Amino acid sequence: MSDDASVILRPAREDDLPLLERFLYDPEASGPFQWFGWRDLGRFRRRWAENGLLGPDGGQLIVDADAGSDGPYGFVAWRRLDSGPTSSCWSIGIALAPEARGRGVGTRAQILLVRYLFAHTPAQRIQAETESENFGEQRALEKAGFTREGVMRGVVFRDGRWRDGVLYGVVREDPLPD
């Protein structure tokens, strides 16, 4: 099986909630760049009950595999960021289970999310941020068609200290990989 070719995005189902909650209570599942300590363990269930994790200002989709594969792998998310008095863009993120990392799943999922958001919203820009030491995510974003735009100093507090981040962006006119 070619891992990246079998990746799909789909709306969350109620039986996906344990996977999503795993990222809130299991530091190993979250990984070194996504563990910020224990947080509100009920947030996914409340949002699921409210809107199925899909709202006008953001949402989450499950990163899964075609039939016969070993998914679901995790989720992608997006939220609206105001970029001016009358404009906004999307900020995206991804969380993958450890067994899905390093296989091209994240790159493919982020390509699919960018295509989805450009097809179904009027957004001109989509951006992503990651820690400056998260080289795997930086590679995935670049393979997904994002351009590295700059370093944000001291932007994330994790594990007892402030860390630098890297900002990536893609605009509607940019070519996306297949």
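Brief remarks follow.
- Simple label model, 7 Å out from Cα along Cβ direction - Glu173 to Glu149, nm: 1.5 nm
- Sum of -39500 (n - 2.57) over DSSP H runs of 4+, divided by residues of the chain (222 nm, nearest 500): -7500 deg cm²/dmol
- Within region 12-115, GluC sites (Glu not before Pro) in DSSP loop having at most 15 other beta-carbon neighbours inside 10 Å: none
- If you run the Gaussian network model on the chain, springs between alpha carbon atoms under 10 Å, then out of Pro27, Pro85, Pro122 the most flexible one is Pro85.
- Rounded to the nearest 10 Å², the accessible area of Trp162 at probe 1.4 Å: 150 Å²
- Cα gyration tensor, region 93-178 - rounded (a/c under 1.5), prolate or oblate: oblate
- Accessible area of Arg115 (1.4 Å probe, protein heavy atoms only, ligands and nucleic acids ignored): about 80 Å².
- For Thr86, the solvent-accessible surface computed with a 1.4 Å probe is close to 140 Å², ligands and nucleic acids excluded.
- Radius ratio Rg over Rh of the chain, counting only Cα atoms, Kirkwood formula for Rh: 0.94
- Highest-fluctuation residue, Phe157, Phe33, Phe146 considered, GNM on the chain with Cα pairs under 10 Å: Phe157
The values are calculated or read from the model by the stated rules, or taken from the named source; none is laboratory data. Quick caveat: nothing in here was measured; it's all calculated off a predicted structure. No Cβ is skipped: glycine too gets one built from the backbone with ideal geometry, and neighbour counts run over all protein chains shown. Protein only, heavy atoms only, side chains kept; ligands, DNA and RNA dropped before computing areas. Shrake-Rupley method; radii C 1.70, N 1.55, O 1.52, S 1.80 Å.
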